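Only one structure is covered here, and it is reproduced in the block below.
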Amino acid sequence: MNSHHGERHGARRVMTVDDDCAVRLSLRQILDRDERFVVVSEHARAKDAIHKLTDMPAEQQPHLVLLDITMPGMDGIECCCELRARIPRTVIAMFTGRAVSDCFEPARLAGADAYIVKGTATDQLVRTLHLLRHHDGECLCVAESGALESAKQASHELTAREIQVLDYISRGGIYKEAAEHFRCTESNIKKTMARAISHLNARSKDHAIRLWLEAVRRVQKDTFPPTGRSDTNYTKP
(Lines give C-alpha, C1' and ligand atoms only; values in the text may rest on other atoms or scores of the structure.)
Protein backbone atom coordinates (compact mmCIF):
# COMPACT_ATOMS: atom_id res chain seq x y z
CA MET A 1 0.00 0.00 0.00
CA ASN A 2 1.30 3.43 -0.87
CA SER A 3 0.55 6.68 0.95
CA HIS A 4 0.00 9.80 -1.08
CA HIS A 5 0.88 13.15 0.47
CA GLY A 6 1.74 16.59 -0.76
CA GLU A 7 5.40 17.50 -1.14
CA ARG A 8 7.25 18.15 2.08
CA HIS A 9 10.60 19.68 1.26
CA GLY A 10 13.36 17.92 3.14
CA ALA A 11 10.99 15.52 4.94
CA ARG A 12 12.22 12.09 5.94
CA ARG A 13 10.55 9.38 3.86
CA VAL A 14 9.08 6.64 6.09
CA MET A 15 7.97 3.08 5.35
CA THR A 16 5.82 1.27 7.95
CA VAL A 17 5.57 -2.52 8.12
CA ASP A 18 3.02 -3.96 10.54
CA ASP A 19 0.24 -6.52 10.03
CA ASP A 20 -2.07 -4.56 12.35
CA CYS A 21 -3.89 -1.94 10.27
CA ALA A 22 -4.68 0.08 13.42
CA VAL A 23 -0.96 0.49 14.08
CA ARG A 24 -0.25 1.58 10.50
CA LEU A 25 -3.11 4.08 10.64
CA SER A 26 -1.98 5.49 13.98
CA LEU A 27 1.61 5.85 12.79
CA ARG A 28 0.48 7.66 9.66
CA GLN A 29 -1.71 10.03 11.70
CA ILE A 30 1.13 10.76 14.13
CA LEU A 31 3.72 11.36 11.42
CA ASP A 32 1.33 13.37 9.25
CA ARG A 33 1.21 15.97 12.02
CA ASP A 34 4.98 16.49 11.80
CA GLU A 35 6.38 18.22 8.72
CA ARG A 36 9.72 16.45 9.20
CA PHE A 37 8.22 13.12 8.07
CA VAL A 38 6.18 11.76 5.18
CA VAL A 39 4.88 8.19 5.04
CA VAL A 40 5.56 6.93 1.53
CA SER A 41 4.74 3.24 1.87
CA GLU A 42 2.73 1.02 4.21
CA HIS A 43 2.72 -2.78 4.29
CA ALA A 44 1.07 -5.56 6.29
CA ARG A 45 3.66 -8.18 5.35
CA ALA A 46 7.43 -8.11 5.33
CA LYS A 47 7.67 -9.73 1.89
CA ASP A 48 5.47 -7.00 0.42
CA ALA A 49 7.80 -4.32 1.80
CA ILE A 50 10.83 -6.03 0.28
CA HIS A 51 9.13 -6.38 -3.10
CA LYS A 52 8.16 -2.71 -3.00
CA LEU A 53 11.76 -1.70 -2.34
CA THR A 54 12.87 -3.74 -5.35
CA ASP A 55 10.68 -1.56 -7.58
CA MET A 56 11.57 1.76 -5.93
CA PRO A 57 14.07 4.13 -7.57
CA ALA A 58 16.89 5.01 -5.19
CA GLU A 59 15.69 8.61 -4.86
CA GLN A 60 12.28 7.40 -3.64
CA GLN A 61 13.47 4.81 -1.13
CA PRO A 62 12.68 5.45 2.56
CA HIS A 63 15.10 7.11 4.91
CA LEU A 64 13.44 5.27 7.81
CA VAL A 65 11.63 1.94 8.17
CA LEU A 66 9.37 1.24 11.17
CA LEU A 67 9.19 -2.52 11.44
CA ASP A 68 7.05 -4.81 13.60
CA ILE A 69 8.50 -8.14 14.75
CA THR A 70 5.60 -10.61 14.79
CA MET A 71 3.97 -10.84 11.38
CA PRO A 72 2.60 -13.66 9.18
CA GLY A 73 5.22 -15.31 7.02
CA MET A 74 8.56 -13.54 7.25
CA ASP A 75 8.95 -11.94 10.68
CA GLY A 76 10.50 -8.57 11.44
CA ILE A 77 13.88 -9.96 12.47
CA GLU A 78 14.29 -11.76 9.14
CA CYS A 79 12.98 -8.72 7.30
CA CYS A 80 15.48 -6.49 9.07
CA CYS A 81 18.35 -8.69 7.86
CA GLU A 82 17.03 -8.53 4.30
CA LEU A 83 16.48 -4.77 4.40
CA ARG A 84 19.90 -4.14 5.89
CA ALA A 85 21.46 -5.98 2.95
CA ARG A 86 19.38 -4.08 0.37
CA ILE A 87 19.34 -0.59 1.87
CA PRO A 88 22.37 -0.41 4.19
CA ARG A 89 22.14 3.33 4.80
CA THR A 90 18.45 3.37 5.71
CA VAL A 91 17.55 3.64 9.41
CA ILE A 92 15.60 0.60 10.62
CA ALA A 93 13.63 0.91 13.86
CA MET A 94 11.87 -2.10 15.32
CA PHE A 95 8.46 -1.00 16.60
CA THR A 96 7.06 -3.88 18.59
CA GLY A 97 4.98 -5.09 21.49
CA ARG A 98 7.71 -7.53 22.47
CA ALA A 99 9.55 -6.84 25.73
CA VAL A 100 13.15 -5.67 25.55
CA SER A 101 14.28 -8.85 27.30
CA ASP A 102 12.70 -10.97 24.57
CA CYS A 103 13.92 -9.60 21.26
CA PHE A 104 16.36 -6.69 21.66
CA GLU A 105 19.43 -8.84 21.08
CA PRO A 106 18.10 -10.60 17.93
CA ALA A 107 17.06 -7.21 16.56
CA ARG A 108 20.47 -5.71 17.26
CA LEU A 109 22.24 -8.62 15.60
CA ALA A 110 19.92 -8.30 12.58
CA GLY A 111 21.12 -4.74 12.09
CA ALA A 112 18.35 -2.67 13.68
CA ASP A 113 19.26 0.92 14.58
CA ALA A 114 16.61 1.19 17.30
CA TYR A 115 14.22 -0.92 19.35
CA ILE A 116 11.03 0.93 20.31
CA VAL A 117 8.32 -0.76 22.37
CA LYS A 118 4.69 -0.02 21.52
CA GLY A 119 3.56 1.95 24.55
CA THR A 120 6.23 4.62 24.25
CA ALA A 121 4.67 8.07 24.61
CA THR A 122 3.84 9.67 21.27
CA ASP A 123 6.07 12.71 21.77
CA GLN A 124 8.96 10.45 22.78
CA LEU A 125 8.37 8.28 19.71
CA VAL A 126 8.51 11.26 17.34
CA ARG A 127 11.53 12.75 19.12
CA THR A 128 13.36 9.44 18.88
CA LEU A 129 12.61 9.05 15.17
CA HIS A 130 13.97 12.53 14.55
CA LEU A 131 17.13 11.87 16.58
CA LEU A 132 17.77 8.68 14.62
CA ARG A 133 18.60 10.87 11.63
CA HIS A 134 22.00 11.45 13.21
CA HIS A 135 22.36 8.07 14.92
CA ASP A 136 25.37 6.01 13.91
CA GLY A 137 26.30 3.39 16.45
CA GLU A 138 24.91 0.64 18.66
CA CYS A 139 21.22 -0.22 18.51
CA LEU A 140 19.33 2.45 20.45
CA CYS A 141 16.94 1.03 23.04
CA VAL A 142 14.11 3.43 23.84
CA ALA A 143 11.69 0.88 25.24
CA GLU A 144 9.33 2.62 27.63
CA SER A 145 11.71 5.57 27.77
CA GLY A 146 8.78 7.85 28.43
CA ALA A 147 8.17 5.85 31.59
CA LEU A 148 11.78 6.22 32.58
CA GLU A 149 11.54 9.98 32.22
CA SER A 150 8.68 9.97 34.72
CA ALA A 151 10.59 7.72 37.12
CA LYS A 152 13.93 9.48 37.21
CA GLN A 153 15.53 12.85 37.59
CA ALA A 154 16.83 14.75 34.57
CA SER A 155 19.94 12.57 34.49
CA HIS A 156 18.91 9.09 33.40
CA GLU A 157 21.36 6.95 31.51
CA LEU A 158 20.17 3.37 31.72
CA THR A 159 22.06 1.18 29.29
CA ALA A 160 20.25 -1.27 27.03
CA ARG A 161 21.38 -4.18 29.22
CA GLU A 162 20.22 -2.42 32.41
CA ILE A 163 16.80 -1.97 30.84
CA GLN A 164 16.73 -5.61 29.78
CA VAL A 165 17.58 -6.86 33.27
CA LEU A 166 15.22 -4.44 35.03
CA ASP A 167 12.41 -5.42 32.67
CA TYR A 168 13.06 -9.13 33.26
CA ILE A 169 13.24 -8.85 37.05
CA SER A 170 10.15 -6.61 37.19
CA ARG A 171 8.19 -9.42 35.52
CA GLY A 172 8.94 -11.79 38.38
CA GLY A 173 12.27 -13.21 37.30
CA ILE A 174 15.00 -13.99 39.81
CA TYR A 175 18.72 -13.37 39.42
CA LYS A 176 19.58 -17.00 38.67
CA GLU A 177 16.92 -17.24 35.96
CA ALA A 178 18.02 -13.90 34.52
CA ALA A 179 21.61 -15.12 34.34
CA GLU A 180 20.49 -18.20 32.41
CA HIS A 181 18.25 -16.11 30.15
CA PHE A 182 21.00 -13.61 29.27
CA ARG A 183 23.75 -16.26 29.27
CA CYS A 184 25.95 -14.59 31.85
CA THR A 185 26.83 -15.05 35.51
CA GLU A 186 24.49 -14.31 38.40
CA SER A 187 27.13 -11.88 39.71
CA ASN A 188 26.96 -9.97 36.42
CA ILE A 189 23.17 -9.70 36.71
CA LYS A 190 23.45 -8.38 40.27
CA LYS A 191 26.00 -5.76 39.21
CA THR A 192 23.80 -4.68 36.29
CA MET A 193 20.78 -4.40 38.58
CA ALA A 194 22.82 -2.38 41.08
CA ARG A 195 23.73 0.11 38.35
CA ALA A 196 20.07 0.35 37.29
CA ILE A 197 19.04 1.02 40.91
CA SER A 198 21.63 3.79 41.10
CA HIS A 199 20.53 5.37 37.81
CA LEU A 200 16.91 5.31 38.94
CA ASN A 201 17.88 6.95 42.24
CA ALA A 202 16.11 4.06 43.98
CA ARG A 203 16.70 2.89 47.55
CA SER A 204 16.59 -0.81 46.74
CA LYS A 205 15.77 -3.39 44.10
CA ASP A 206 12.11 -3.45 45.14
CA HIS A 207 11.97 0.35 45.07
CA ALA A 208 13.47 0.38 41.56
CA ILE A 209 10.90 -2.12 40.36
CA ARG A 210 8.05 -0.08 41.89
CA LEU A 211 9.35 3.09 40.21
CA TRP A 212 9.54 1.29 36.89
CA LEU A 213 6.07 -0.27 37.07
CA GLU A 214 4.39 2.89 38.39
CA ALA A 215 5.98 4.97 35.64
CA VAL A 216 4.91 2.48 32.98
CA ARG A 217 1.33 2.61 34.22
CA ARG A 218 1.38 6.43 34.21
CA VAL A 219 2.77 6.74 30.74
CA GLN A 220 0.37 4.12 29.37
CA LYS A 221 -2.50 6.53 30.04
CA ASP A 222 -1.14 8.77 27.28
CA THR A 223 0.72 6.49 24.96
CA PHE A 224 0.60 5.01 21.54
CA PRO A 225 -2.92 3.55 21.31
CA PRO A 226 -3.27 -0.17 22.08
CA THR A 227 -3.85 -2.43 19.08
CA GLY A 228 -6.00 -5.09 20.70
CA ARG A 229 -3.40 -7.80 20.24
CA SER A 230 0.06 -8.61 21.52
CA ASP A 231 3.07 -10.05 19.73
CA THR A 232 3.13 -13.26 21.73
CA ASN A 233 4.10 -15.79 19.06
CA TYR A 234 7.68 -14.84 18.37
CA THR A 235 9.80 -17.81 19.35
CA LYS A 236 12.92 -17.50 17.24
CA PRO A 237 16.28 -16.84 18.95
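Quick look at the numbers
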| read-out | value |
| --- | --- |
| Cβ-Cβ under 6 Å pairs, at least 6 apart or on other chains, the range 97-109 side in contact (Cβ under 8 Å) with a residue 24 or more places away in the chain, far side among the β-branched types (V, I, T) | R98/I69; V100/I163; C103/I69; P106/I77 |
| Residue, nearest to the chain's Cα centre (by Cα), within the range 132-190, restricted to residues that are polar (S, T, N, Q), at pLDDT 75 or above and assigned to a helix (DSSP H, G or I) | Q164 |
| Pairs, first touching a residue at least 40 places away in the same chain (Cβ under 8 Å) and farther than 11 Å from V14 by Cα in the range 29-43, second part of a strand (DSSP E or B) and not acidic (D, E), C-beta under 8 Å, six or more apart | H43/M15; H43/T16; H43/V17 |
| Index of the failed condition, S26 passing every other in (1) small (G, A, S); (2) at negative phi; (3) part of a loop (DSSP other than H, G, I, E, B) | (3) |
| Filtered residues of the range 50-90 (kept if among the acidic types (D, E) and within 19 Å of A107 (Cα to Cα)) | D68, D75, E78, E82 |
| Unmet requirement for T70, which otherwise passes all of (1) closer than 19 Å to L129 by Cβ; (2) not in a helix (DSSP H, G or I) | (1) |
| Members of the range 37-85 found to be of a type in the set (D, E, K, R) and surrounded by 21 or more Cβ atoms within 10 Å (Cβ to Cβ), listed by number | E42, D68, D75 |
| Top-ranked residue in the range 182-191 [being under 10 Å from V165 (Cα atoms) and not charged (D, E, K, R); ranked as surrounded by the fewest Cβ atoms within 10 Å (Cβ to Cβ)] | F182 |
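Residues checked against (1) within 10 Å of the chain's Cα centre (by Cα); (2) over 21 Å from A49 (Cα atoms); (3) not in a helix (DSSP H, G or I):
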residue: D102; (1), (2), (3): no, yes, no
residue: R108; (1), (2), (3): no, no, no
residue: A112; (1), (2), (3): yes, no, yes
residue: Y115; (1), (2), (3): yes, no, yes
residue: D123; (1), (2), (3): no, yes, no
residue: R127; (1), (2), (3): no, yes, no
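The values are calculated or read from the model by the stated rules, or taken from the named source; none is laboratory data. Treat the numbers as computed from the prediction; the structure is a model and nothing was measured. Reconstructed Cβ throughout: ideal geometry from the backbone, glycine too, with neighbour counts over all protein chains shown.
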